[in-house]
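The next block holds one structure in the form of structure tokens; read it before the comments.
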């Protein structure tokens, strides 16, 4: 079964399936695939000292696909030999479950690591997804970045982190 | 003319609904749609400096002009990952 490179889903994530699908696609392109960098974000048990019971993630799905297109194009422009895939989970997640899975393939490790790090930084900046945390004693929406896909300063920050 | 406003996450909770029609003058911008929405649902006002937007399911600027029938989405700060 083919694995889409970009996905918002209520099903559990598998970074292994994403990575192997990207590797298979990159194997015979250009120099071939020499490395895979992956990142898996998981639900942490605490937030600022409070005990997390579970989380709910909500997405604006059609806009998320547009954000993925932008991130994909940015990565292709910066690291032409790298390929990336991003899967984000929505719905209710328990502590320890994967909320985001990212895999980046490239001919060499440097580009794979950079593309992977850039992808998670951009997810945090622009992906229209919202986290609602539930604690033993209440709940709260988490408010991160004001999403602006055209903000060059944000792109530069993500690139600097990726290349540090 | 009339556009449809959609809101997500905290904005939806503050407004108490996820979508509503909004009548605006011809030539109105997305920023004007927001101002009208915040007037109708004052709890949204706190987000005036932290809201981003989409028009017909693609990213847009608050300065963009809306057309009759557009679906305008307002997004609170994102927190994916």
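Just so you know, all these numbers are worked out from the coordinates, no wet-lab data involved. Everything numeric in this text was worked out from a predicted model, so none of it was measured. No Cβ is skipped: glycine too gets one built from the backbone with ideal geometry, and neighbour counts run over all protein chains shown.
Note on residue B:36 and residue A:77: their simple-model spin labels are 3.4 nm apart, each label 7 Å out from Cα toward Cβ. The simple spin-label model puts a point 7 Å past each Cα toward its Cβ; for residue B:17 and residue A:61 those points are separated by 2.4 nm.
Counts of other chain beta carbons within 10 angstrom of each beta carbon in peptide A:59-72 average 3. Between the Cα long axis of helix B:30-40 and the first principal axis of chain B there is an angle of about 70°, rounded to the nearest 10. In plain terms, the residue of A:113, A:60 with the fewest other Cβ atoms within 10 Å comes first and the most crowded comes last, giving A:113, A:60. Once the Cα-Cα distance is subtracted from the 0.36 nm per residue extended length, the residue A:135 to residue A:69 segment shows a gain of 20.3 nm.
For the protein assembly as shown, what is the Kirkwood hydrodynamic radius in Å, using each pair of distinct C-alpha atoms? The partial results should precede the final answer.
On the way: mean 1/r = 0.0526 Å⁻¹.
This gives a value of 19.0 Å.
So if R0 is 51 Å, what FRET efficiency would residue A:28 and residue B:2 give, r being the distance between their Cβ atoms, rounded to the nearest 0.05? Write out the running numbers ahead of the final one.
Details: r = 53 Å, r/R0 = 1.03.
Given R0 = 51 Å and the Cβ-Cβ separation, E is 0.45.
Projecting the alpha carbon convex hull of chain B along each direction and taking the average yields 4.9 nm². Residues A:95, A:100, A:84 in ascending order of nearby Cβ atoms (within 10 Å, fewest first): A:95, A:100, A:84.
FRET efficiency for the pair residue B:57 and residue A:11, taken as 1/(1 + (r/R0)^6) with r the Cβ-Cβ distance and R0 = 22 Å, rounds to 0.45. A simple spin-label model places the labels of residue B:71 and residue B:49 3.2 nm from each other, with each point 7 Å out along Cα-to-Cβ. Ordering A:31, A:97 by the number of other Cβ atoms within 10 Å of each residue's own Cβ, fewest first, gives A:31, A:97.
Separation of region A:92-149 and region A:1-60, taken as the distance between their Cα centroids, equals 10 angstrom.
When you look at the Cβ of every residue in A:141-151, what mean number of other chain Cβ atoms sits within 10 Å? Don't skip to the answer; put the middle values down first.
Numbers: counts 8, 7, 8, 6, 6, 9, 10, 4, 3, 2, 1.
Per residue, the number of nearby Cβ atoms from other chains is 6 on average.
Which whole-number value in Å³ per residue fits the convex hull of the alpha carbons of region A:1-91?
Working: hull volume 11.8 nm³, N = 91.
So the per-residue Cα hull volume is 130 Å³.
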